[in-house]
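Here the structure comes first, spelled out in structure tokens, and everything after it is commentary.
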Amino acid sequence: MSDVLFEVFAPLFSDLREEDAFPTKRPLLAHYTSIPVLEAILRNNEVWLSNPLFMNDMEEVRFGINSGANLFLTSAEIESACRTKERFDLLKSSFNHYFDMFARDHALDTYIFCLSEHSKDDTDGLLSMWRGYGGNGAGAAIVFDSARINVRNSSPLIIAKVQYGSTEDRKTWLQQRVTQFSEIVGEANLPDDKLYLGSYWFFERLKLFSVFTKHKGFEEEKEWRVAYMRDRDASKSFDRMFSYWVGPRGVEPKLKFKIEHISGITEDDFSLSKIVERIILGPSLSSPLAHAAIDRMIDTLGLSNLKDLVKTSTIPFRSG
């Protein structure tokens, strides 16, 4: 399915610039979190990917999927490109099929891991990130070096930079893709039994847009995401990592990703020790005593090789 007629619909993806994306671009990426979560990551050798529909990004994802679907299904441009109402009905029917299949079978197991692009010479971190995600300054930022990560083409994981825009910007982008799609359909003049491929590729582009865009008000976060999409995992390599967490909002699905070799997906030496570039303690943990306690924790967890990577933020900020 994934390669059939892709060249026809490839222009829908032309705004995704390879030179700005992983693996061509390989930045340092920081994950700001609390000390208990840092301890859990190191103890269990795993990071948790969350379902965006259970996060603060819920409206962002739903906005992309629902707004794009509505524009597609009501587009006079696409109907005209189809040339007949019957062909437009076929296209809409197949689109609804993919929409419903995603909602029914894949939405629950779509997961993301959020990171912030980090400068090489930065041992302080971003104050806004400490306040928002790093325990209000009393947490830590674990910095990963994406240059040390080699994900194979067969991987269902996508590592990409988040794009930002106002609500109007994103509506405009969606309308432009609908117009572009109508032009492709009009020029390709696909036979009736191949129209479903148009719906497939438009929905694929819509999913990527929904997962990797946010309102411009979050732009200072410089976010990158690692995204897992269930329909891309044909070998079901990640099924064993599907789990849950009981939190303040009730039960939430989680993908508890083990940082270890996964056959056919990661390199043989893929490990936490390999990809961690530094660990920054928040500005509220700036005392030598706090640093020594973190060193004790790392020693106890059998990861003494990471102690030299621990830095302390010097931002003059104290919570409370």
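The values are calculated or read from the model by the stated rules, or taken from the named source; none is laboratory data. Predicted model only: the values in this text are computed from it and were never measured. Here the Cβ is made from the backbone with ideal geometry for all residues, glycine too, and neighbour counts use every protein chain on show. These accessible areas exclude ligands, DNA and RNA; they are computed on the full protein's heavy atoms, side chains included. Shrake-Rupley method; radii C 1.70, N 1.55, O 1.52, S 1.80 Å.
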| request: Give, in nm to one decimal, the length gained when the segment between Met55 and Asp269 is fully stretched (0.36 nm per residue of separation minus the Cα-Cα distance). | output: 73.8 nm
| query | For the chain, what proportion of DSSP beta bridges, expressed in % and rounded to the nearest 5, is antiparallel? | reply | 85 percent
| said: How much length would be gained if the chain were fully extended between Asp239 and Phe317, taking 0.36 nm per residue of separation minus their Cα-Cα distance, in nm to one decimal? | reply: 23.9 nm
| note | Once all protein chains are kept in place, Tyr196 shows an accessible area at probe 1.4 Å, nearest 10 Å², of 90 Å²
| query | In terms of modelled amide H atoms, which long-range or inter-chain residues lie less than 5 Å from the amide H of Glu267? | reply | Asn150
| field | Accessible area (Å², per residue) of the chain, counting only protein heavy atoms and a probe of 1.4 Å | value | 48 Å²
| query | Per-residue ellipticity at 222 nm for the chain, helices alone: DSSP H runs ≥ 4 residues times -39500 (n - 2.57), over residue total, nearest 500 deg cm²/dmol? | reply | -11000 deg cm²/dmol
| Using 1/(1 + (r/R0)^6) with R0 = 51 angstrom and r between the beta carbons of Thr179 and Val310, what's the FRET efficiency to the nearest 0.05? | 0.50
| message | Across the stretch 1-128, what fraction of all alpha-carbon pairs, as a whole percent, falls in each successive 10 Å bin from zero upward? | response | 9, 24, 33, 20, 11, 4, 0
| Given the alpha-carbon gyration tensor of the chain, what are the semi-axes of its equivalent ellipsoid in whole angstrom, ordered largest first, with each equal to the square root of 5 times an eigenvalue? | 41, 20, 17
| message | Apply the a/c threshold of 1.5 to the C-alpha gyration tensor of the stretch 132-234 and tell me whether it is rounded, prolate or oblate. | response | oblate
| field | At R0 = 41 Å, FRET efficiency that the Cβ-Cβ distance of Leu73 and Asp299 yields, to 0.05 | value | 0.10
| message | If you average the alpha carbon positions of the stretch 289-320 and of the stretch 79-95, how far apart do those two centres end up, in angstrom? | response | 60 Å
| With every protein chain left in place, what is the accessible area of Ser14 in Å² (1.4 Å probe, nearest 10)? | 80 Å²
| More than 20 Å apart - percent of Cα-Cα pairs taken over the stretch 194-296 | 68 percent
| message | Once you place label points 7 Å from the Cα toward the Cβ at Asn66 and Lys194, how far apart are they in nm? | response | 3.6 nm
| field | Accessible-area composition of the chain, carbon plus sulfur, in percent [1.4 Å probe] | value | 52 percent
| What residues of the stretch 25-58 lie in the reach of a label at Ser128, counting those whose backbone N is under 11 Å from a point 7 Å from the Cα along Cα→Cβ? | none
| task | Against the globular-protein guess of 2.2 N^0.38 Å, express the Cα radius of gyration of the stretch 24-89 as a ratio, rounded to two decimals. | result | 1.96
| note | For Val226 the rounded accessible area (nearest 10 Å², probe 1.4 Å, non-protein molecules ignored) is 30 Å²
